[in-house]
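Data block below; observations after.
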Amino acid sequence: MKTAWYVDFFARDYARLYSFEPERSAREAAFVRRALELRPGARVLDLCCGRGRHLRELQAVGIDLHLDSLRGLPAACAEMRFLPLRSGALDAVVSLFSSFGYLESDGEDVRVLREIARVLRPGGGVLLDLLNREHALAGFVPSVQRVEEDGTLVVEQRRFDALTGRLTTSFVLVSPSGERIDSAGHSLRLYTLTELARMLAAAGLRLTRVYGGFEGEDYALESVRMIAVARVT
């Protein structure tokens, strides 16, 4: 049986395609704490925490599918559709760097939101950091490339399916020595703000604020990010 793309991509290719300075992670975590009004000692879950770059600053526990990435971290290997937590256990849940939208259908994403609502206490909050669909499509180009510091050429090949609303990105990496590596990449459901608000409501969550970036700027069509904050109704 074929595994989901996110199982293979994050186990094999993610780390060589994406890297983040510690200062960036610290700034993002500080914004999250302000946006969710987190108090010291708040019980926070970082959903799809990866290698845990936000865990320390958020004083959070993490959940991710990739056990090897979690060693030594306050985290568990689990599926985000089936959180191993009791109902009402948390003050906040965060989902950063577009990790919401990976799953196979809108229905599965709603299942995730319902799980988030279940594990939050009354009045608890969730922050979803998503790629802004309006910006992504307004400046859409099918292919872009960059050169990494070590001289590796990275070519991104993009395709958007208007019917499903999914942006699929594959990668070709060429090292300075000429070695080529192909990655099937990732597939992300890009939601409009209208769609996201309806899904949150269906899960028992009320949208309270939307930001356009980690500096706390207001959301606009030209914003690169769409950062939604919602509360348990």
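Side notes on the structure shown:
- Filter result (over 16 Å from the mean Cα position of the chain (by Cα) and not in a strand (DSSP E or B)) within the stretch 166-197: Ser175, Pro176, Ser177, Gly178, Glu179, Thr194, Glu195, Ala197
- Number of the exception - Leu58 against (1) within 27 Å of Thr192 (Cβ to Cβ); (2) touching a residue at least 24 places away in the same chain (Cβ under 8 Å): (1)
Yes or no, residue by residue, for (1) among the aliphatic types (A, V, I, L, M); (2) out of contact with any Phe, Trp or Tyr (no Cβ under 6 Å at 6 or more places or on another chain); (3) surrounded by 15 or more Cβ atoms within 10 Å (Cβ to Cβ):
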position: Gly139; (1), (2), (3): no, yes, no
position: Ser143; (1), (2), (3): no, yes, no
position: Thr152; (1), (2), (3): no, yes, yes
position: Val174; (1), (2), (3): yes, yes, yes
position: Glu179; (1), (2), (3): no, yes, no
position: Val210; (1), (2), (3): yes, no, yes
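- Filtered by the rule that a residue be crowded, with 16+ Cβ neighbours inside 10 Å and charged (D, E, K, R), the stretch 181-199 gives a lone residue, Arg189.
- Of Val119, Val155, Val126, Val110, all but one fail to be in contact with a helix residue (DSSP H, G or I) (Cβ under 9 Å, 6 or more places away or on another chain), over 20 Å from Arg225 (Cα atoms) and at pLDDT 95 or above; the exception is Val110.
- Odd one out for Leu45 among (1) at pLDDT 95 or above; (2) farther than 19 Å from Leu103 by Cβ: (2)
- Lone qualifier among Asp8, Asp109 - being surrounded by 18 or more Cβ atoms within 10 Å (Cβ to Cβ) and either acidic (Asp, Glu) or touching a residue at least 24 places away in the same chain (Cβ under 8 Å) (or both): Asp109
- Restricting attention to the stretch 203-226, the residues being part of a strand (DSSP E or B) and farther than 20 Å from Gly107 by Cα number 7.
- Unmet requirement for Leu200, which otherwise passes all of (1) over 18 Å from Ser223 (Cα atoms); (2) touching a residue at least 12 places away in the same chain (Cβ under 8 Å); (3) assigned to a helix (DSSP H, G or I); (4) out of contact with any helix residue (DSSP H, G or I) (no Cβ under 8 Å at 6 or more places or on another chain): (4)
- Subset tally (residues that are of a type in the set (Gly, Ala, Ser) and touching a strand residue (DSSP E or B) at 6+ places or on another chain (Cβ under 8 Å)) for the stretch 28-52: 4
- Which listed residue, of Val154, Val141, Val147, is among the β-branched types (Val, Ile, Thr), in contact (Cβ under 8 Å) with a residue 60 or more places away in the chain and farther than 21 Å from Leu96 by Cα: Val154
- The residue that is farthest from Phe20 (Cα to Cα), counting only those in the stretch 134-165 that are outside any loop (DSSP other than H, G, I, E, B) and of a type in the set (Asp, Glu), is Asp161.
The values are calculated or read from the model by the stated rules, or taken from the named source; none is laboratory data. Quick caveat: nothing in here was measured; it's all calculated off a predicted structure. Here Cβ is always computed from backbone atoms with ideal geometry, including for glycine, and neighbour counts include all displayed protein chains.
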